[in-house]
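Enquirer: The structure's right below; bear with me while I get my questions together.
Rule-based calculations on the coordinates, nothing more; no lab input. Here the structure is a predicted model, which is why all the values come from computation and not from measurement.
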């Protein structure tokens, strides 16, 4: 097995593909966060209010 070449460079088209893939993943994560993030916080708050209190 050959050692990893630290000075190796990737072709420009591969860099563009990787960048586009990372951007798509980031966008998908932001969309999921928009729909689930605030909904989860609201759901937890609602459950806390509905939980019976022991006094």
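Enquirer: Report, in deg cm²/dmol and to the nearest 500, the calculated mean residue ellipticity at 222 nm for the chain, where each DSSP H run with n ≥ 4 adds -39500 (n - 2.57) and the sum is divided by the residue count.
Expert: Helices in the chain give a 222 nm mean residue ellipticity of -20500 deg cm²/dmol.
Enquirer: Per residue, what volume in Å³ does the convex hull of the Cα atoms of the chain enclose?
Expert: Output value, Cα hull per residue: 175 Å³.
Enquirer: To test your reading of the geometry: what angle, between 0 and 90 degrees and rounded to tens, separates the Cα axis of helix 12-32 from the longest principal axis of the chain?
Expert: 0 degrees
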